[in-house]
Amino acid sequence: MREWELLEHIRQSSAGQPVAFPQVVIPPGDDCAVVRVGRESLLLKVDQVIEGRHVPAVASWRGGPFAAGLSRGAFLDLVARKAVARVLSDIAAMAGTPVAGLASAAVPPAFPGDAARELAEALHRWGARWHCPIVGGDVATFAATHPGPLSLSVSVLGTPHPARGAVLRSGARPGDAVYVTGMLGVSLAPDGLGRHVTFEPRLAEARWLADMLGANLHAMLDVSDGLGIDAARLAATSGVRLELDERHIPLAPGATIANALRDGEDYELLFAASGAVPSVCPATGCPVTRLGNVRDGPPGVVLRAADGSTRDVSREGWEHA
Ligand SMILES: [Mg+2]
């Protein structure tokens, strides 16, 4: 079973949660879950980073080598950074603010004790950087008979935007424009590192958008699997058709349209809104590009080329094994 099939199965089988459990406001299927605690709504999210899958594999945890000739400490710093940033990108996708996080790690049998301390310190450092203190966690070592790669999981609790509330994937309406922050494509460098480990979760940009646009910020997600598939998720959840203009897709240096559609791990915000949207976030300098429109019609994503021809790109993206 592919990852998206499993997630779709979980989404469908969890759709009744808000009826059975009134504390569940938004069940699985959006960037974060939304749960009610007393009179407050809170965002919940977990994500993981696994050596060899989300970051380059290490030949020997005792001696390296580590990706791009980094020291062990510098490599672990990037692993911890990605683990915290990935989950915060989903908090940003709801226009939320992190409150605190938990981290757990499963480490290979040969993982040195001082490396575990370096990893823990890096997790705390990156959590603090994004105002998301890591307030608890756990570490376990794989049995020598059943060894596994370094596996790191981070869970975060967040609050929705105080005025706008949580921004879901489902609110895009015909007549909206579609925007994306930053630039897309080639987040994975030849040495295995690159933007997919050094990206900045768009917390400040999301907050700015929700502050400025309020109820006109209709739908949002973070581009983790590629513009094609992620735009299709927003379209499907909202029941609308997205028409994107190839000439307006903001490409990272060296990226092609195919890279932007398929590579994934950009962790940029894709959103639908009405009203005026500035082209730069003043607080961070992050560009915001209008790349298309929301239309009535069968849910999906079409890409319009410079010559006016269109094609369906709703299945173009990273297919998780
Ligand atoms: Mg997401």
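With all protein chains in place and ligands, DNA and RNA left out, the 1.4 Å accessible area ranks TRP4, TRP126 as TRP4, TRP126, largest first. Extension gain, LEU44-HIS131: 0.36 nm per intervening residue step, less the Cα-Cα distance, totals 29.7 nm.
Descending by average beta-carbon neighbour count within 10 Å, the peptides 237-243, 68-74 line up as 237-243, 68-74, the highest first.
Calculated FRET efficiency, ALA15 to ARG62, Cβ-Cβ distance, R0 = 45 Å: about 0.40 to the nearest 0.05.
Placing R0 at 30 angstrom, the Cβ-Cβ distance between SER279 and GLU8 gives a FRET efficiency of 0.30 after rounding to 0.05. Taking the Cα centre of the chain as origin and assigning +1 to Lys and Arg Cβ atoms and -1 to Asp and Glu Cβ atoms, the resulting dipole is close to 400 debye. Seen against the Cα atoms of the chain and their longest principal axis, helix 3-14 is set at about 70 degrees.
For the range 177-312, the carbon plus sulfur part of the accessible surface works out to 54%, probe radius 1.4 Å. Taking the DSSP bridge list for the range 31-159 and keeping only pairs wholly inside it, about 75 percent are antiparallel. The C-alpha atoms of the chain define a longest principal axis, and helix 227-238 lies at about 60 degrees to it. Would you please give the FRET efficiency between LEU251 and ARG295, computed as 1/(1 + (r/R0)^6) with r the Cβ-Cβ distance and R0 = 30 Å, to the nearest 0.05? With R0 = 30 Å, the Cβ-Cβ based efficiency is 0.80. Placing a label point 7 Å from the Cα of THR159 along the Cα-to-Cβ direction, the residues of the range 12-47 whose backbone N falls under 11 Å of that point are 40-42.
From most to least packed by mean Cβ count within 10 Å, the peptides 11-24, 253-266 give 253-266, 11-24.
For the range 177-312, what does the alpha-carbon gyration tensor say about shape, rounded, prolate or oblate, given a ≥ b ≥ c as the root eigenvalues, a/c under 1.5 as rounded, and a/b over b/c as prolate? In terms of gyration-tensor shape, oblate.
Heavy atoms of the protein chains alone define the surface here; on that basis the range 31-159 has 43 Å² accessible area per residue at 1.4 Å probe size.
Looking at the chain, the DSSP beta bridges with both ends there are about 75 percent antiparallel. Secondary-structure-derived ellipticity at 222 nm for the chain, considering helices only, amounts to -8500 deg cm²/dmol, per-run term -39500 (n - 2.57) for DSSP H runs with n ≥ 4.
Rounded to the nearest whole angstrom, the semi-axes of the ellipsoid equivalent to the chain, taken from the Cα gyration tensor as √(5λ), stand at 33, 23, 19, largest first. The angle between the Cα long axis of helix 113-129 and the main principal axis of the chain comes to about 30°, on a 0 to 90 degree scale. Put simply, when 33-40, 285-292, 155-162 are sorted by average Cβ atoms within 10 angstrom per residue, most first, you get 155-162, 285-292, 33-40.
Only protein atoms count toward the accessible area here, which uses a 1.4 Å probe; on the range 1-152, the carbon and sulfur part of that area reaches 58 percent.
The values are calculated or read from the model by the stated rules, or taken from the named source; none is laboratory data. All of these numbers come straight from a predicted model, not from anything done at the bench. Note that each Cβ is placed from the backbone with ideal geometry, even for glycine, and that neighbours are counted across all protein chains shown. The area values use the complete protein model at the heavy-atom level, side chains included, leaving out ligands, DNA and RNA. Shrake-Rupley method; radii C 1.70, N 1.55, O 1.52, S 1.80 Å.
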